[in-house]
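The values are calculated or read from the model by the stated rules, or taken from the named source; none is laboratory data. Bear in mind the structure is a predicted one, so any value in this text is a computation, not a measurement. Every residue, glycine among them, receives a Cβ derived from its backbone with ideal geometry; neighbour counts consider all protein chains shown. Surface accessibility is based on the protein's heavy atoms, side chains included, excluding ligands, DNA and RNA. Shrake-Rupley method; radii C 1.70, N 1.55, O 1.52, S 1.80 Å.
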Number of protein chains: 2
Amino acid sequence: MENRLTRLLGITYPILQGGMAWVATAPLVTAVSEAGGLGIIGAGGMDGKQLREEIRLVKSATTKPFGVNLMLLSPAIEEQIRVVKEEKVPVVTTGAGNPGSLVEEFASLGILTIPVVASVALAKRLLRHGIQAIIAEGMESGGHVGEVTTMCLIPQVVDAVDIPVIAAGGIGDGRGMAACFALGAEGVQIGTRFICTTECDVHPAYKEAILKAGDRSTVVTGVTTGHPVRCLKNRLTRKFEELEFHGACKEEIEALGVGKLRAAVCGDVEEGSVMCGQVAGLIQEIKSVREVVAEIMSEFKSTISGLKTLVGEG
Amino acid sequence: MENRLTRLLGITYPILQGGMAWVATAPLVTAVSEAGGLGIIGAGGMDGKQLREEIRLVKSATTKPFGVNLMLLSPAIEEQIRVVKEEKVPVVTTGAGNPGSLVEEFASLGILTIPVVASVALAKRLLRHGIQAIIAEGMESGGHVGEVTTMCLIPQVVDAVDIPVIAAGGIGDGRGMAACFALGAEGVQIGTRFICTTECDVHPAYKEAILKAGDRSTVVTGVTTGHPVRCLKNRLTRKFEELEFHGACKEEIEALGVGKLRAAVCGDVEEGSVMCGQVAGLIQEIKSVREVVAEIMSEFKSTISGLKTLVGEG
């Protein structure tokens, strides 16, 4: 299935893999790009050297397009930007803010920037930098979140811009992908579903925690600090709630989060921050990336065929 | 378009109008039922006498099916239940809890109960009472909300039950309706879009406030009290935030909310509680109920036709 987005990115299926820090490393990224989607390295916790190694690992394993996600608030952001430029990474997605003139800077080197936004206002502001696609992310997603849900955000961003909108947040299967396309999206970005794959190299306990999760297993912590994060409820999130509900200062709350995603990725799913989306409850099995992509595309098509029948056009 | 839900309810289109307290009164309810959907009276703030009057107004204006929404925590709930039984209301929707054996009690009188749930667990528990349909409501909806978004909740409830699921929360147009059907819903419940109709008799300032709203104009207050409510950001919600972030007790916070929805419905959109969903940003115009229903159905069908083309079946 070809559309504006697959042509822009040179991919087979309009599926991007979320560039999750510490989680989206070369094995997962390579597998997604090889399966016809766009694998994206999560530069999050990496310094320049680590990021370069990861990029080279991906380049050595696939000739397909791939991306790097840059968290604009990362302390190593300057180094990361330099490496991305030197390595001429095909696609960069940006989170945690407004990439501004970085879009033009990257474009001059042939690097496509796709910003992640959580509001219509930021989507509109970014248009003036000549972006060619945008990721609109609902608050059901994992990690850092906004406040508008995917169901409400996507049609409003679609109405506000004339470039392809990629929906993120709450998409775990082909039904979710079809729903987002109904809302006007031309692609989806999927994170949590890709964590539960054989290729993703997080600790097995992280994957197991997601498989065990139900619809109400996630919580958003850090609302009072202005940096809300969605992860699985556990001992750590209960500590966060105690601090937040008892008027702890921002610094104290933020200190509790330091190193906790890394801890979870290494297997501490009780004291670590098991970031994942609300869609965790929908995920029942660990599969290969190729199977996940094939299943999503197949269910996407069967869902649309089903809708057709429903309105008497089947 | 006929399906299990339209047959069960005897309606033309699988569209229910949310039974909003103080807002969903006879004129709106009648108009929605006459337009082919299911109008639902919001019994919320009414005593038995008022509810009976409202029901009789609807009965005198339409022969089509209609419903009553009962808030199970309402102080007048016993009276309201008696009136609903005596008036043999065709459909009852229930919010704010588990209707339990009320389902069987109503069924023996030919009254169909459709509970509103915000979680998979409650959906499953209600199956044992013989419910024939269920409304799964995402946290983007207006008024009292849960925590799971429509995009994540609908497929999980659909997978857990074998009765028709009606999606609520975040649906303002035919794209949203098509998205919910892609997720497996067989009907939608729409609240906010129906407030902005000529027939809805809330104060014009309430409707204007919704038309002016953007994607980030709503907020959920009362999270710390265990009774979160979504409404438009205004002076009242800022007062709520001050109380909640400064450790006020539950009673103090709840006292601030008393009578505030009624105040907003009467036109005080700054000190009143302007309950509405996050979808408010999508609503641009006041139209008649008939136009709204026709537009939603027409866009629902065109959206599905568009999806078809996309996957090369057009």
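Worth a mention:
- Filtered residues of segment A:251-268 (kept if open to solvent by less than 40 Å² (accessible area, probe 1.4 Å) and away from chain B (no Cβ under 14 Å)): A:Leu256, A:Gly257, A:Leu261, A:Ala263, A:Ala264, A:Val265, A:Gly267
- For segment A:15-66, filtering for residues that are in contact (Cβ under 8 Å) with a residue 24 or more places away in the chain and of a type in the set (Ser, Thr, Tyr) leaves 4.
- The set of residues from segment B:212-223 being within 11 Å of another protein chain (Cβ to nearest Cβ) and farther than 18 Å from A:Glu244 by Cα comprises B:Ala213, B:Gly214, B:Asp215, B:Arg216, B:Ser217, B:Thr218, B:Val219.
- Residues of segment B:229-250 that are open to solvent by less than 10 Å² (accessible area, probe 1.4 Å) and either touching a Lys or Arg at 6+ places or on another chain (Cβ under 8 Å) or assigned to a loop (DSSP other than H, G, I, E, B) (or both): B:Asn234, B:Leu236.
- Any chance A:Gly42 is touching a strand residue (DSSP E or B) at 6+ places or on another chain (Cβ under 9 Å) and either of a type in the set (D, E, K, R) or open to solvent by 10 Å² or more (accessible area, probe 1.4 Å) (or both): no
- Residue check for B:Gly110: open to solvent by 20 Å² or more (accessible area, probe 1.4 Å), in a loop (DSSP other than H, G, I, E, B), touching a residue at least 12 places away in the same chain (Cβ under 8 Å) and over 17 Å from B:Asn69 (Cα atoms): no
- Residue in segment B:132-142 that is part of a helix (DSSP H, G or I), β-branched (Val, Ile, Thr) and modelled with pLDDT of 95 or more present: no
- Of residues in segment B:1-14 being open to solvent by less than 30 Å² (accessible area, probe 1.4 Å) and within 14 Å of chain A (Cβ to nearest Cβ), the one farthest from B:Ile195 (Cα to Cα): B:Asn3
- Filtered residue count, segment A:37-76, keeping only those that are at pLDDT 95 or above, of a type outside the set (S, T, N, Q) and closer than 16 Å to A:Pro115 by Cβ: 7
- B:Ser101, sole failed condition from (1) in contact with a strand residue (DSSP E or B) (Cβ under 9 Å, 6 or more places away or on another chain); (2) more than 20 Å from B:Glu291 (Cα to Cα): (1)
- In this structure, A:Lys88 does not satisfy being surrounded by fewer than 24 Cβ atoms within 10 Å (Cβ to Cβ), within 14 Å of chain B (Cβ to nearest Cβ) and among the basic types (Lys, Arg).
- Residue list for segment A:197-214, filter: of a type in the set (S, T, N, Q) and open to solvent by 10 Å² or more (accessible area, probe 1.4 Å): A:Thr198
- The residues of segment A:110-130 that are touching a helix residue (DSSP H, G or I) at 6+ places or on another chain (Cβ under 9 Å), away from chain B (no Cβ under 14 Å) and more than 20 Å from A:Gly39 (Cα to Cα), listed by number, are A:Leu126, A:Leu127, A:His129, A:Gly130.
- Helices (runs of 4 or more DSSP H) fully within segment A:1-63 counting 3 or more residues that are farther than 22 Å from A:Asp173 by Cα: A:48-61
- Of all residues in segment A:128-152, those satisfying the criterion of being buried (at least 22 other Cβ atoms within 10 Å of the Cβ) and hydrophobic (A, V, I, L, M, F, W, C) are A:Ala133, A:Ile134, A:Ile135, A:Ala136, A:Met139, A:Val145, A:Val148, A:Met151, A:Cys152.
- Checking B:Phe194 against (1) in a loop (DSSP other than H, G, I, E, B); (2) away from every other protein chain (no Cβ under 11 Å); (3) of a type in the set (A, V, I, L, M, F, W, C); (4) open to solvent by less than 10 Å² (accessible area, probe 1.4 Å), the condition it does not meet: (1)
- Test for B:Gly226: is it under 23 Å from the mean Cα position of the chain (by Cα) and either open to solvent by 30 Å² or more (accessible area, probe 1.4 Å) or away from chain A (no Cβ under 14 Å) (or both): yes
- Considered as a group, the residues in segment B:270-314 that are within 14 Å of another protein chain (Cβ to nearest Cβ) and among the polar types (S, T, N, Q) include one that is nearest to B:Thr198 (Cα to Cα), and that residue is B:Gln284.
- Applying the condition of being touching a strand residue (DSSP E or B) at 6+ places or on another chain (Cβ under 9 Å) and at the interface with chain B (Cβ under 10 Å from one of its Cβ atoms) to segment A:153-163 and asking which residue is most open to solvent (accessible area, probe 1.4 Å) yields A:Val158.
- Tally of residues being under 22 Å from A:Cys266 (Cα atoms) and either open to solvent by 10 Å² or more (accessible area, probe 1.4 Å) or among the aromatic types (Phe, Trp, Tyr) (or both) across segment A:15-39: 8
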